């Protein structure tokens, strides 16, 4: 099996700050770094480092040779890249002294994708049983509809979330992965317990996963339900933690793991990710999990 990821590609501009900048304030940063990012690209890198075969459908600026080279360096396949006249998307990321982050996002070329690009990628990769998508491109609804119609198993991480995403056919998904805020927005419920229950009721045949940061995660599939604690970690930067969870969870499921084992694998990857600075650069290789968490 293999995975087709229809997702964003960004250039991340990351600033380490003592605290987040306030309105009208100018604040010096402690450090700056530029790197490859985007929620979609980060998840493709996580999938690849977890050992999955992944093809990434995404768009970049037509003359952005730096991004093309950076993707090649990750090992993720380049055959589904779309060249756009728009600038490559980018993100301005502040990371504070506690490792929390806030992000300003410019979509750029990520909104140049079309349903025709999705159809072509599905036709070109018929062996890719899973299709993953997020909410940083212009083809979220098309990706879900076309992939489901093609008989693929669809995984959706609705980030960044907005209430309108609740109108998508979430009940047709094989995997729905949300954080607490996204669960509230999709369900319309204020409490996280009520939000999770509402998503479970709406999607009874879907593996529904709600990440809880330092508190681990909740997950459910049908009548089965799991509550898993986070693995201990020294937190310095949470930027790519959710992407590591998504990539490792889906790689585990694609590799034949049962949901509980795949969920634990994902939490192990997140524990290493948050202990490092950066986005994609912080996501570990599968071998690192074996070394750190071996009995």
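The values are calculated or read from the model by the stated rules, or taken from the named source; none is laboratory data. The shown structure was predicted, so the numbers you read here are calculated from the model rather than taken from an experiment. Note that we place each Cβ from the backbone using ideal geometry, even for glycine, and neighbour counts take in every protein chain shown.
Before moving on, here are some points about what is shown:
- Counted residues, the range 269-288 - those being under 22 Å from residue 37 (Cβ atoms) and part of a helix (DSSP H, G or I): 10
- From the list 14, 49, the one residue that fits, being closer than 22 Å to residue 270 by Cβ, at pLDDT below 95, crowded, with 21+ Cβ neighbours inside 10 Å and under 21 Å from the mean Cα position of the chain (by Cα), is 14.
Listed here are the residues, each with its yes/no results for (1) touching a residue at least 24 places away in the same chain (Cβ under 8 Å); (2) surrounded by 18 or more Cβ atoms within 10 Å (Cβ to Cβ).
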{"residue": "60", "(1), (2)": "yes, yes"}
{"residue": "98", "(1), (2)": "yes, no"}
{"residue": "140", "(1), (2)": "yes, yes"}
{"residue": "143", "(1), (2)": "yes, yes"}
{"residue": "149", "(1), (2)": "no, no"}
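- In the set 80, 98, only one residue is closer than 15 Å to residue 237 by Cα and modelled with pLDDT under 90; that residue is 98.
- Within the range 160-194, restricting attention to residues that are out of contact with any helix residue (DSSP H, G or I) (no Cβ under 6 Å at 6 or more places or on another chain) and touching a residue at least 40 places away in the same chain (Cβ under 8 Å), the residue that is surrounded by the fewest Cβ atoms within 10 Å (Cβ to Cβ) is 160.
- Subset of the range 201-219 [modelled with pLDDT of 95 or more and over 21 Å from residue 134 (Cβ atoms)]: 201, 204, 205, 215, 216
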